[in-house]
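Okay, structure first, notes after.
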Amino acid sequence: MARQFRTAGHEIVASAETADMAVVNTCAVTTQAASDSRSKIRNIARAGVEQIIPTGCWTTLQPKEAAALPNVLRVVTNDQKDSLVPTALNLEPSAFDLEPIDRTPIPGLHRRTRAFIKVQDGCDNKCTFCITTVARGAGRSRPLADVISDINSALGGDSKEIVLTGVHLGSWGQDIATELHLRDLVNAILRETDVKRLRLSSLEPWDLDADFFSLWTGSRLMPHLHLPLQSGSESTLRRMARKTTPVSFRELVNAARDVMPDAAITTDIIAGFPGETDDEFAETLDFVKEMRFTGGHVFSYSPRPGTGAAKMKGQIKPELRKRRNHILQEAIEESAKIYREKFIGQKMSVLWESTTEYGEYGWRMEGWTGNYLRVSANTPSPRWNEVDEVELQEVDGEKLKGVIL
Ligand code: SF4
């Protein structure tokens with residue numbers, strides 16, 4: 001969208017105070033996310049933006065509510081999102097058919113260091129807690145050639161890392177041809193582009209098999225897997241309609257660690273899913289400890305109207321959801337800390353993503369290793385968007401401090 005606005009002669013600015021128009025990509029994954037989306041729109045209106053266009057999942061689910069927020073010009077639901085810019089500017093969609101591929105940096109935290117390339121949208125599963133399928137519709141994959149061309153233009157614009165994203169990334173290809181799999185996409189990207197750091201975002205465990213990890217033969221695919229577990233209890237997973245069990249999840253993680261013993265394996269977990277008994281919670285906690293996740297998010301269950309789980313009996317009291325969330329977070333933080341400590345003394349490549357001036361010490365850089373360790377180092381001059389070899393020296397909270405070699 002930013003690229004299309006630019007092609008049409010507009011400028012992308014860093015703050016709402018200087019913007020004439022704002023597009024707000026709203027989220028509905030939790031009630032909190034929906035409420036944050038509304039606040040964002042109100043704040044932007046208060047900052048003086050006179051034309052606001054909400055889009056994304058919350059807007060799609062609650063279009064009237066979105067239209068009633070201050071300074072909203074028009075709402076654009078997900079099915080119309082591809083033509084948001086031409087519609088907003090009253091241009092023919094064909095005006096963008098021959099757009100020059102322009103990837104100059106967009107103001108914002110990550111700017112162009114990591115390019116997130118969406119390869120897939122929607123999902124054909126029906127996990128009972130998930131509103132995403134309602135908001136995003138059936139799974140659809142982007143053609144391989146389009147993905148390759150997007151990656152090449154991001155690399156041309158000097159992005160140093162490519163992250164493949166999708167609502168259900170692991171299902172890429174299935175709607176194009178039954179025999180196509182995400183591994184074909186990854187292989188093609190490695191073969192046909194010069195990407196040096198390729199990362200996969202969230203992958204549902206049932207889309208992968210042990211053979212998938214044979215992709216990690218070289219150093220271009222980052223040793224990091226985000227595998228959403230959601231629960232470590234078989235009965236809870238069944239109520240969630242997840243197509244996995246603790247047994248198959250364990251086998252998958254073991255297969256990944258056989259190939260990449262030091263890979264980061266992160267996860268998502270829901271605390272306090274409807275009907276979650278003390279025993280089921282204890283099973284989840286044991287399983288989480290056993291998996292030794294290197295990081296992750298724990299969400300307190302939040303009922304989303306229109307989902308199966310919202311209607312289930314045995315909704316858990318919010319205080320208990322919170323308590324369980326806290327316990328699970330502590331367990332993940334413990335294994336994450338052990339994981340971080342393992343790398344003290346090692347040399348690793350770090351892509352610097354943020355730069356702050358640091359008095360007489362020069363510059364404080366922060367960035368990520370391939371296996372998703374957050375690293376900081378001081379440098380005499382800024383090294384933003386550079387990849388450096390760093391010796392990791394000590395743990396500093398959730399980060400590691402290092403020295404550039
Ligand atoms: S697989 Fe993911 S996106 Fe699809 S329904 Fe389940 S949680 Fe939602």
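For region 318-360, a residue qualifies if it is among the aliphatic types (A, V, I, L, M) and closer than 21 Å to Asp262 by Cα, and the qualifying residues are Ala331, Ile332, Ala336, Ile338, Ile344, Met348, Val350, Leu351. Would you say Thr55 is outside any helix (DSSP H, G or I), within 27 Å of Ile131 (Cβ to Cβ) and in contact with a helix residue (DSSP H, G or I) (Cβ under 9 Å, 6 or more places away or on another chain)? Taking the combined requirement at face value, the residue satisfies it.
Quick grid of which residues meet (1) crowded, with 16+ Cβ neighbours inside 10 Å; (2) more than 22 Å from the chain's Cα centre (by Cα); (3) modelled with pLDDT of 95 or more:
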{"position": "Arg3", "(1), (2), (3)": "yes, no, no"}
{"position": "Ala8", "(1), (2), (3)": "no, yes, no"}
{"position": "Lys64", "(1), (2), (3)": "no, yes, yes"}
{"position": "Leu91", "(1), (2), (3)": "no, yes, no"}
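The strands (runs of 3 or more DSSP E) found entirely in region 355-405 that carry 1 or more residues being at pLDDT below 95, among the aromatic types (Phe, Trp, Tyr) and closer than 17 Å to Thr113 by Cβ are 363-369.
Of everything listed in (1) within 27 Å of Asn152 (Cβ to Cβ); (2) exposed (fewer than 15 other Cβ atoms within 10 Å of the Cβ), the single unmet condition for Lys243 is (1).
The single condition among (1) buried (at least 17 other Cβ atoms within 10 Å of the Cβ); (2) among the basic types (Lys, Arg); (3) under 30 Å from Gly156 (Cα atoms) that Arg340 does not meet is (3). Hey, can you tell me all the residues within region 175-191 that are of a type outside the set (A, V, I, L, M) and surrounded by 15 or more Cβ atoms within 10 Å (Cβ to Cβ)? Within region 175-191, Asp175, His181, Arg183, Asp184 qualify. A Cβ distance below 7 Å, combined with a sequence gap of six or more or placement on separate chains, defines the contacts here; from region 140-157, residues that are touching a residue at least 40 places away in the same chain (Cβ under 8 Å) reach residues that are crowded, with 16+ Cβ neighbours inside 10 Å and among the polar types (S, T, N, Q) in the pairs Ile148/Thr193; Ile151/Thr193; Asn152/Thr193; Leu155/Thr193. I'm trying to understand the selection: among the residues of region 340-364, which are touching a Leu at 6+ places or on another chain (Cβ under 8 Å) and under 18 Å from Ala264 (Cα atoms)? Result: Arg340, Phe343, Ile344, Gly345, Gln346, Lys347, Met348. Residues in region 119-145 that are away from the ligand (no atom under 16 Å from the Cβ) and modelled with pLDDT under 90: 0 in all. Of all the criteria given as (1) within 16 Å of the ligand (Cβ to nearest atom); (2) surrounded by 16 or more Cβ atoms within 10 Å (Cβ to Cβ); (3) outside any helix (DSSP H, G or I); (4) at pLDDT below 95, the one not satisfied by Ser159 is (1). Against the list (1) away from the ligand (no atom under 16 Å from the Cβ); (2) open to solvent by less than 10 Å² (accessible area, probe 1.4 Å), the condition Ser231 fails is (1). What's the number of the only condition in (1) touching a Phe, Trp or Tyr at 6+ places or on another chain (Cβ under 9 Å); (2) part of a loop (DSSP other than H, G, I, E, B) that Val49 fails to meet? Unmet for Val49, out of (1) touching a Phe, Trp or Tyr at 6+ places or on another chain (Cβ under 9 Å); (2) part of a loop (DSSP other than H, G, I, E, B): (1). Could you tell me whether Ser171 is buried (at least 22 other Cβ atoms within 10 Å of the Cβ), more than 26 Å from Trp352 (Cα to Cα) and in contact with a Cys (Cβ under 9 Å, 6 or more places away or on another chain)? Considered against the rule, which asks whether it is buried (at least 22 other Cβ atoms within 10 Å of the Cβ), more than 26 Å from Trp352 (Cα to Cα) and in contact with a Cys (Cβ under 9 Å, 6 or more places away or on another chain), Ser171 comes out as yes. Within region 343-354, the set of residues being part of a loop (DSSP other than H, G, I, E, B) and open to solvent by 60 Å² or more (accessible area, probe 1.4 Å) comprises Ile344, Gln346. When residues in region 238-266 are screened for being within 13 Å of the ligand (Cβ to nearest atom) and in contact with a strand residue (DSSP E or B) (Cβ under 7 Å, 6 or more places away or on another chain), 2 of them pass.
Total residues in region 11-31 satisfying the condition of being farther than 30 Å from Thr307 by Cα and touching a residue at least 24 places away in the same chain (Cβ under 8 Å): the figure is 10.
The values are calculated or read from the model by the stated rules, or taken from the named source; none is laboratory data. As the structure is a computational prediction, the values presented were derived from the model and not from experiment. Every residue, glycine as well, gets a Cβ built from its backbone with ideal geometry; the counts of neighbours run over all protein chains shown. Note: areas computed on protein heavy atoms with side chains; ligands, DNA, RNA excluded. Shrake-Rupley method; radii C 1.70, N 1.55, O 1.52, S 1.80 Å.
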